[in-house]
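Okay, so here's the structure we're looking at.
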């Protein structure tokens, strides 16, 4: 896993992934007490950065292998990213989802051309089911974060940040990233190591689910005590990845943990000031930039808004309570 | 008023206005029955395309004149665009607003550095008040649409459309634009006349306030019978401009009138599928693309989402009723 793979992924993504802009607002600068740039990956295809990793992984396969199709386990953003990347490559995608996943997510994944296989969380073994499907049909498993080509794809967002920030004369910044398994965080950190070495990546997580923050602090992979109880579903994972953790430990600054309420407030401010839609987990970094200013150093912060796939009811709650 | 002025405005705006991307979603393509691109000017500084015209007009003034400051009449997007452009130029801006304008808009305009002068709609003469202020202080009036440099600034969005669409191999398209006084519509039409001559601009207006549609049809400037009664406040104007109308008549296809409900539905779909926030008037073109497909020709439509300055309550209504 190295910068060359990220640069190669960027070439494969060119003309397919969107180059998301850097947004800003003087109103957000005032709240944060420093200059704030937001990179809205919610505007990426399928509404999250996950399309980058999905496309990177699909496009890196040899054509014959790829033609048999891919499989992924996900009820969320990874599912849609892989499904759409497969559809655009003209190859089959099987997405294994729990049967109690929201109907809208199942419908959306199907509408993006994927075959959705449902399993019963209480009685069926997801991994065994997936392995059997992959074996039968010769499908390639696309993991959500602990895969070099997925990390490389997510890292292309870092190449864009380095290039876009330099247009504004920004060389030094803390780069805040919503962090689940660490695919986006580690990929961006690797990209910035080469192209913006004075920037420091800070992983942002929900309070109570700060496995990456604790792992970086202790130097060992730490697990979350539980996997439910936050609205930031997109970035709740059991523990950092075996591939992503060493990269994060080497390159990242300390993590920042934010509350669900911080995320809802950040969603409302992004609505008011940037005119973008962010989901709770995707707002963790902006929440840190705005409401944890004492934990941040320097004149400039760059926050990735990693996804925007939020149910209307949750978004309405954010606006009613905080806009 | 010609293409050279638009190109000169683009040079002055470079590095100051945002180049907004072209967004798309296969879900919107399905609804529209053709390929749909959306240019989200809601992501422009101050949340609407008006910053382009404001910057263009400010930057075209000779420095000594500019240093005395500018004045504008507006309670909406033009106010914020001019205020921020003046602040960034380091010169004073006076914005004349009705005293019953929403407090949030008054506060926002002040926060962008402008001096807000309130007048009583029932007892005071706005134009006389403004003329006296301009005379006393040597301020230059920045009109909302019927000014060559304002039209030139708005036209820079058209230069971007031509360039961005060509990346996708799109030469032919109907370009749908939310239309009030016609500054954006005429500016974009002039830009496309040179750089994408196979594209046709179609002005989009609220039903009952389709003065531009009727003016193009009759060949004369027609007025709206009333100026209230639509949620699309950003694009309600008495009649097309003396400068903008001849350009629109020469270059535009027929207008499209959309209902308030169409706009709310388009806002909800932009939330779900594009993750952007559009105000009702700013959604008129997307509404036409999605719900007036029989009035549109060709394989591709490009809709400008012209602004995103919507009150949370209105946005919540769109989501509750249509998401």
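Each value in this text was obtained by applying a stated rule to the coordinates, not by laboratory testing. A quick note: this is a predicted structure, and the numbers were derived from the prediction, not measured. Ideal geometry is used to build each Cβ from the backbone, glycine not excepted, and the neighbour counts take in all protein chains shown.
DSSP finds beta bridges in segment A:15-174, and of those with both partners inside it, around 10 percent are antiparallel. Each pair of Cα atoms in segment A:43-98 enters the Kirkwood radius, and Stokes-Einstein at 4 °C and 1.567 mPa s then converts it into a translational diffusion coefficient of 118 µm²/s. For the protein assembly as shown, the direction-averaged projected area of the alpha-carbon convex hull comes to 27.7 nm².
Here segment A:81-151 is treated as a Stokes sphere of Kirkwood radius computed over C-alpha pairs; at 4 °C and 1.567 mPa s its diffusion coefficient rounds to 100 µm²/s. Put simply, the C-alpha atoms of segment A:52-179 give a gyration tensor, and the ellipsoid matching it has half-axes of 30, 17, 13 Å, longest first. Restricting to chain A, compute how many DSSP beta bridges are antiparallel as a %, nearest 5. Percentage antiparallel, nearest 5: 5. Put in line by how crowded their Cβ is, counting other Cβ atoms within 10 Å and starting with the fewest, B:11, B:41, A:115 read B:11, A:115, B:41. Here the Debye sum runs over all C-alpha atoms of chain B as equal scatterers in vacuum, and log10 of I(q)/I(0) at q = 0.08 Å⁻¹ comes out as -0.32. As a rough footprinting exposure proxy, the listed residues B:273, B:202 were ranked by other beta carbons within 10 Å of their own, and the order from fewest upward is B:273, B:202. Legend: Rg and Dmax of segment A:166-229, from Cα coordinates, 13.6, 43 Å. Between this copy and the others, label points of residue A:136 are 8.2 nm apart in ascending order, each placed 7 angstrom from Cα in the Cβ direction. Summary for residue A:125: label point 7 Å along Cα→Cβ; distances to the equivalent points in the other copies, ascending, 8.8 nm. Mean residue ellipticity, 222 nm, helices only, the protein assembly as shown: the sum of -39500 (n - 2.57) across DSSP H runs of n ≥ 4, divided by residue count and rounded to 500, is -14000 deg cm²/dmol. For the rotation carrying A onto B, the chain A residue whose Cβ lies nearest the axis, with the distance in whole Å, reads A:316, 3. For segment B:183-323, the alpha carbon convex hull comes to 109 Å³ per residue, rounded to a whole number. Each Cα pair under 8 Å and six or more residues apart adds its sequence gap; the mean of these over the residue count of segment A:51-141 is a relative contact order of 31 percent. Copy-to-copy label distances for residue A:297, where each label lies 7 Å from Cα along Cα-to-Cβ, are 6.4 nm in order of increasing length. Pick from B:56, B:99, B:230: which is most flexible by mean-square fluctuation in a GNM of chain B where alpha carbon atoms under 10 Å apart are linked? Judging by the Gaussian network model, the answer is B:99. Whole angstrom only: what separates the Cα centroid of segment B:48-123 from the Cα centroid of segment A:241-276? Taking the Cα centre of each part, segment B:48-123 and segment A:241-276 sit 35 Å apart. The angle between the Cα long axis of helix B:148-167 and the longest principal axis of the Cα atoms of chain B comes to about 30 degrees, rounded to the nearest 10.
Based on C-alpha pairs under 8 angstrom that are at least 6 apart in sequence, chain A has a relative contact order of 21 percent. Each part reduced to its alpha carbon centroid, segment A:190-228 and segment B:183-202 end up 48 Å apart. Report, to the nearest 10°, how far helix A:260-273 tilts away from the longest principal axis of the Cα atoms in chain A, using its own Cα long axis and a range of 0 to 90°. Relative to chain A, helix A:260-273 is tipped by roughly 80 degrees.
This ranking places B:161, B:3 by how few other beta-carbon atoms lie within 10 Å of each, fewest first, which gives B:3, B:161. Note that segment B:1-121 shows a convex hull volume over its alpha carbon atoms of 154 Å³ per residue.
Remark: relative contact order (segment A:210-312) = 24 percent; criterion is Cα-Cα distance under 8 angstrom and separation of 6 or more residues.
Highest GNM mean-square fluctuation among A:244, A:156, A:261, for chain A modelled with Cα contacts below 10 Å: A:261. Compute the acute angle (0 to 90°) between the alpha-carbon long axis of helix A:126-137 and the principal axis of greatest extent of the alpha-carbon atoms of chain A; round to the nearest 10°. That helix lies at roughly 50 degrees to the long axis.
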